[in-house]
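Comments concern the structure below.
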Amino acid sequence: YVFHIIPHHKGTTTMAPSSSSIVIRCLYRSLQRAAKPFVSGKDAQVMTSLLHRESIVDQADWHALFPPQDPKDEATTTTTTTTTTEEAKDTRNQMENFILQSMPSHLLLFRKLVQEVVTGGEGRAMMVFPTQVTDADRLRRLIRREFEGGEDSYSKLFDENTRKQVAFSGLRELNKKLAWAESMGILSSSETIRANAKEHAAKNVHRLDLDPDSFLRTGCFLVAHPLQTGYFSKTVIVLLDHTKGTNSGGTYGLIINKGGKQSLQEALRSDSLPDSIRDAFGDHPMREGGPVHVALQLLHRNSKAEDNELGIGGIELPMILDDDDDGATTHSTNESINFRGDIGRAAEVVISEKKDKDDFVFFAGASCWSPGQLEGEIKRGFWFPCRAPPSMAFAGSCDHDDLWISMMSAIGEDEAVLANLAQSAETNINADPCDRPPME
């Protein structure tokens, strides 16, 4: 802490706390108290998952602004070293001025610390699932380190006023997330949610390894992080195609739990549909497959014998098995779920009553990623990969009302708690990313 020397009545001097040191001490104690629910107790992993961010700190820019220094280098006093050091200082000052002109110093430091809390270092994760929180005590250690100003402290690179602003920002964000959890009654009801998680979990759903290279393939399911907002909020996606490599076609899938509000003939111009398709499927509901406008998407179910007999065609959707290391294999069942196929032929078999129209599901739009894009989103924490029965993709539901919450419950009990809390994520200002600047 910061102290100053004042005269003592007996002619000696003693150390008395300055007003600045009192503020710093109060901030430290307040931060440690506010951090307690995030580092200890049964809900620590859930609470830590609420700490998410929206901005990426570019490591190259950070190290250009504050280059790592070897203490041994500073002891060298030769003329050459002095000249080099002065040049480095000039370069650093120019970079510092450039960056700080566009970003206040307290915001730069705060974003750097939020990054470490979320990722554990210099990772690019924007949010994490509770299952991924392996070191909840990280927040407490970071607070202590920054106040002590040790060798690993980032705060020591900034002036005292900046450090105070950052401490106040941290206190604000921790209290906002705590207020959010309390307003939703999560801290008082988490035990009940956990007790019901197994009952509400989707059957035969299991989480996969978080390394994208090990699971991204046809048949993989993606569950949206509870704090993901926008179009993909609370969605479940099944992947229909994925090819690796920068020169590949990327990834293509369908959202399976977004019910459409229009029928097939309402979504498509009725006069553009062939008579057979309009007669067979005109009043059939359409689902939303994604934001990318593509040709009409089809999923259909058949028995193994019907696949060859009816001639609708398509590609069978496989189920990823627990011991599947060599590629996707098909779950042993008498029913197959196929994607794509001849829609005209499908209409014919429905009109001839060889199949019921409920054996077909249509999607408007698709979800597509360029090469490497989905891998990046998974590393940033937007999706949790799972394996599940292909029939779930066709039904768009499970034994419970909400497929997304049921799949979150299957991932883990803490995920079930977080999913229930996040029902208000898009309407509660306390749910905003930690590094979003407050409204003036």
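The values are calculated or read from the model by the stated rules, or taken from the named source; none is laboratory data. None of the values given here were measured: they were computed from a predicted structure. Backbone-built Cβ (ideal geometry, glycine too); neighbour counts: all protein chains shown. Quick note on the areas: whole protein, heavy atoms, side chains included, nothing else; ligands and nucleic acids left out. Shrake-Rupley method; radii C 1.70, N 1.55, O 1.52, S 1.80 Å.
The residues of the stretch 188-268 have, on average, 46 Å² of accessible surface per residue, using a 1.4 Å probe with all protein chains present. If the segment from residue 157 to residue 175 were pulled out straight at 0.36 nm per residue, it would be longer than the present Cα-Cα gap by 3.9 nm.
The 3J(HN,Hα) values that the Karplus relation (6.51, -1.76, 1.60; θ = phi - 60°) gives for the stretch 397-403 are, in residue order, 7, 9, 5, 10, 5, 10, 4 Hz. Gly and Pro appear as x. Counting 0.36 nm for each residue step from residue 261 to residue 345 and taking away their Cα separation leaves a gain of 27.7 nm. Applying a threshold of 32 Å to the alpha-carbon distances of 203/379; 244/355; 156/244; 42/261; 244/354 flags 244/355; 156/244; 42/261; 244/354 as lying beyond it.
Go through 209, 43 and list them by solvent-accessible area, largest first, probe radius 1.4 Å.
On the way: 209 95, 43 15 Å².
These residues rank, largest area first, as 209, 43.
Whole-Hz Karplus values for the stretch 162-168 come out as 4, 4, 5, 4, 5, 4, 5 Hz, taken residue by residue from phi with 6.51 cos²θ - 1.76 cosθ + 1.60 and θ = phi - 60°; glycine and proline positions read x. Checking every one of the GluC sites (Glu not before Pro) in the stretch 136-209 against DSSP loop status and a limit of 10 other Cβ atoms within 10 Å picks out 151. Accessible surface of the stretch 221-301, 1.4 Å probe: 47 percent of it comes from carbon and sulfur atoms. Database remark: amide H of residue 319 closer than 5 angstrom to the amide H of 329, 330, 331 (H placed geometrically; neighbours at sequence offset of 5 or more, or on other chains; Pro and chain starts carry no H).
Nearest 0.05, what FRET efficiency do residue 199 and residue 42 give at R0 = 30 Å with Cβ-Cβ as r? The computed FRET efficiency comes out at 0.95. Note on residue 213/residue 148: beta-carbon distance plugged into 1/(1 + (r/R0)^6) with R0 of 45 Å gives a FRET efficiency of 0.65.
If you average the C-alpha positions of the stretch 113-127 and of the stretch 366-440 separately, how far apart do those two centres end up, in angstrom? Taking the Cα centre of the stretch 366-440 as reference, the centre of the stretch 113-127 is 19 Å away. If R0 is 60 Å, the Cβ-Cβ spacing of residue 436 and residue 356 corresponds to a FRET efficiency of close to 0.75. Heavy-atom accessible surface of residue 255, to the nearest 10 Å², is about 0 Å², with a 1.4 Å probe and all protein chains retained. Full extension of the chain between residue 269 and residue 428 gives 53.3 nm of extra length, using 0.36 nm per residue less the Cα-Cα distance.
Computed over all pairs of different Cα atoms, the Kirkwood value for the hydrodynamic radius of the stretch 181-302 is 17.9 Å. Residue-wise HN-Hα couplings along the stretch 32-49, as the Karplus relation 6.51 cos²θ - 1.76 cosθ + 1.60 with θ = phi - 60° gives them from phi, are 5, 5, 5, 7, 4, x, 8, 10, 8, x, 5, 9, 4, 5, 5, 4, 4, 5 Hz; Gly and Pro carry x.
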